[in-house]
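One structure is given here, and the rest of the page talks about it.
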Amino acid sequence: MSSARKKNAPGIYWKFAAVATAIAVAVLILLAVRYFTAGNPRSFKAEFPALGTIAKVSVYSSEEDLNLACELTAREFQLVNDLCSLYDPSSELSRLNETAASAPFACSPEMWELLMRAKKAYQETGGNFDITVKPLMDLWGFYRNHRELPPDEAEIAETLKMVGFNKIILDEKQKTILLTVPGMALDMGGIAKGYAADRAARAVSAAGIKSGVIDIGGNLRMLSAPPPEKKFYRVAIRDPHNRKNILPESLSVPAGYAVSSSGDYERFVMVNGKRYSHIISPATGYPTTVSAVSVVAGTAMDADVFSTACAIGGEAVAEKIKQNSPDTMIYFTR
């Protein structure tokens, strides 16, 4: 495999790799992304709170379509919240975490779909994507955003005994899950928003709205058609040193594709005056040291999963992902 490397702008490097399908897949050293509409036909936009963040909906049609798209998106996001929220004791995930170590938990079709994708992601990322990290998230204090001192090695070693997707028993006939170690629990934070964006995009497209963007906390899913008179959606890159600024480089993202970003630049916890990323390695028990990674993929769920895994495993995991998904684009920053 041949490769070339060139400097494109201060602090920005592009690394291209040839693939058998003749599709160029770029691994770039950049930061998180957001869509923008400069130079595009007029879009109609709205935003509202959902899934603990801000949801944004943009359509290139009419205000009536925007209202319908928002209604459909809000419905799908509420379904995913009811499914995956760790803050609602009545959510399906909360009930699963409460009981699945004692007896097999019967999953809804939606939860089973998530578990099957999480299982595949665990396998295709060499274990770097693992939804069983909740005990580590609890240990580091990410749900309460505060801890006086970082956990010591003994605490981490003890907690790691409760982590590992390979410790889950999934009964595909009965659609049940059993957590085999007391204290095990699941966290869908690296997959739920992508799942929600995909569901919303399908619902909006089925209603006849073909051009626009669904954005849930920076997880972007482009609808099935590009903006009028355009071939691609344009995606802007934030300045890694000043989140208010946009770098001159931008991405051309195909219609129907998705973008997701992961890193320590937005969600983190302060422990003894030091900032730790909310993304934790299921192998070491420590937060990732990758500043940010952004992924362009065919679905928002794939982009969400891959960005989380690459934030943990770095370029080695990115190369593994590209072997199986050569049209995926992965962007790193340090």
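Computed quantities for the displayed model
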item	result
Whichever residue in segment 121-138 is part of a helix (DSSP H, G or I) and within 15 Å of the chain's Cα centre (by Cα) and, among such residues, is surrounded by the most Cβ atoms within 10 Å (Cβ to Cβ)	Ala121
Unmet criterion (only one of (1) at pLDDT 95 or above; (2) farther than 17 Å from Ala55 by Cα; (3) not polar (S, T, N, Q)) for Ala236	(1)
Lone unmet requirement of (1) under 14 Å from Val163 (Cα atoms); (2) at pLDDT 95 or above for Asp138	(2)
Hey, Glu155 in contact with a helix residue (DSSP H, G or I) (Cβ under 7 Å, 6 or more places away or on another chain) and free of Cβ contacts under 8 Å to residues at least 24 places away in the same chain or not	yes
Enumeration of residues in segment 207-228 that are out of contact with any Lys or Arg (no Cβ under 6 Å at 6 or more places or on another chain), assigned to a loop (DSSP other than H, G, I, E, B) and closer than 15 Å to Ala255 by Cβ	Ile209, Lys210, Pro226, Pro227, Pro228
Given (1) farther than 17 Å from Ala200 by Cβ; (2) among the charged types (D, E, K, R); (3) under 21 Å from the mean Cα position of the chain (by Cα), number of the condition Arg75 does not satisfy	(1)
Selection from segment 171-191 of residues that are of a type in the set (Asp, Glu) and part of a strand (DSSP E or B)	Asp171
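Okay, residues lined up against (1) of a type outside the set (A, V, I, L, M, F, W, C); (2) free of Cβ contacts under 8 Å to residues at least 60 places away in the same chain:
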position	(1), (2)
Thr288	yes, yes
Val293	no, yes
Ala300	no, no
Thr308	yes, no
Ala311	no, yes
Ile321	no, no
Ser325	yes, yes
Met329	no, no
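The values are calculated or read from the model by the stated rules, or taken from the named source; none is laboratory data. Predicted model, so just to flag it, every value in this text is computed and none were measured. Note: ideal-geometry Cβ built from the backbone for every residue, glycine included; neighbour counts use all protein chains shown.
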